[in-house]
Amino acid sequence: MGHPVLREKSKPVEKLGSPELKQLVADMKETMAAKNGAGLAAPQIGVLQRVVIFGVSRNPRYPDAEEVPFTVLVNPKLQMLTREVEEDWEGCLSVPGMRGVVPRYTKLRYTGFDEDGNPIDRVAEGFHARVVQHECDHLDGILYPQRMTDLSRFGFNEELFPGEELVDE
Ligand code: NI
């Protein structure tokens, strides 16, 4: 947080299926796995292209955590399907060690392409919808603290959730 690249608007990917795009996605997957993240956007590794990845697999230690299919989403477009907003905690690999309560729409449709150019068209709710909004915000230079409405619910992981293992987006 504070790096100027994270405040910029990313550019659409012009060529789907290119070796450059596949290399970018491979680098992003490696970073997300190394940091145990739930999602990552290209600007977070310094690339101003409209590419996000996300996914959360079932973890027996967190039986309540919703599963999100692993997805590579290029040139995403979001359409909110409700005006209903829900507040929940978020963390971000670009705001390490912190959590904040962020309001997000509870249901949306997202479209775009995978790295090979195959179209993606899905409806998502709950945590899945939250992760998509968080990642796509990165493409417009927005970090989650800018979405917060109550900064009293912003703090350090070890103070808010002592001893818990958390995933960042
Ligand atoms: Ni993030």
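The values are calculated or read from the model by the stated rules, or taken from the named source; none is laboratory data. Just so it is clear, the model here is predicted, and its values are computed rather than measured. Note that we place each Cβ from the backbone using ideal geometry, even for glycine, and neighbour counts take in every protein chain shown. Quick note on the areas: whole protein, heavy atoms, side chains included, nothing else; ligands and nucleic acids left out. Shrake-Rupley method; radii C 1.70, N 1.55, O 1.52, S 1.80 Å.
Determine which single condition ASP168 fails, assuming it passes every other condition in (1) open to solvent by 90 Å² or more (accessible area, probe 1.4 Å); (2) within 11 Å of the ligand (Cβ to nearest atom).
It fails just one condition, (1).
For ALA38, indicate whether it is open to solvent by 40 Å² or more (accessible area, probe 1.4 Å), of a type in the set (Gly, Ala, Ser) and under 14 Å from the mean Cα position of the chain (by Cα).
When the stated conditions are applied, ALA38 does not pass them.
Any chance the range 25-33 includes a residue that's at pLDDT 95 or above and assigned to a loop (DSSP other than H, G, I, E, B)?
no
In contact with a Ser or Thr (Cβ under 8 Å, 6 or more places away or on another chain), closer than 23 Å to PHE127 by Cα and either open to solvent by 30 Å² or more (accessible area, probe 1.4 Å) or at pLDDT below 95 (or both): does that describe PHE54?
no
Looking at LEU81, LEU21, LEU73, can you tell me which residue is buried (at least 20 other Cβ atoms within 10 Å of the Cβ) and either of a type in the set (D, E, K, R) or away from the ligand (no atom under 16 Å from the Cβ) (or both)?
Numbers: LEU81 fails: buried (at least 20 other Cβ atoms within 10 Å of the Cβ); LEU73 fails: either of a type in the set (D, E, K, R) or away from the ligand (no atom under 16 Å from the Cβ) (or both).
The conditions single out LEU21.
In the list GLY100, GLY141, which residue meets the criterion of being within 16 Å of the ligand (Cβ to nearest atom), assigned to a strand (DSSP E or B), touching a residue at least 12 places away in the same chain (Cβ under 8 Å) and open to solvent by less than 10 Å² (accessible area, probe 1.4 Å)?
One residue alone meets the criteria, GLY100.
Out of the range 103-112, which residues are in contact with a strand residue (DSSP E or B) (Cβ under 6 Å, 6 or more places away or on another chain), buried (at least 21 other Cβ atoms within 10 Å of the Cβ) and within 14 Å of MET80 (Cβ to Cβ)?
LEU108, TYR110
Which numbered condition in (1) part of a loop (DSSP other than H, G, I, E, B); (2) touching a strand residue (DSSP E or B) at 6+ places or on another chain (Cβ under 8 Å); (3) open to solvent by 10 Å² or more (accessible area, probe 1.4 Å); (4) within 14 Å of the ligand (Cβ to nearest atom) is the only one that GLU115 fails?
Of everything listed in (1) part of a loop (DSSP other than H, G, I, E, B); (2) touching a strand residue (DSSP E or B) at 6+ places or on another chain (Cβ under 8 Å); (3) open to solvent by 10 Å² or more (accessible area, probe 1.4 Å); (4) within 14 Å of the ligand (Cβ to nearest atom), GLU115 misses just condition (4).
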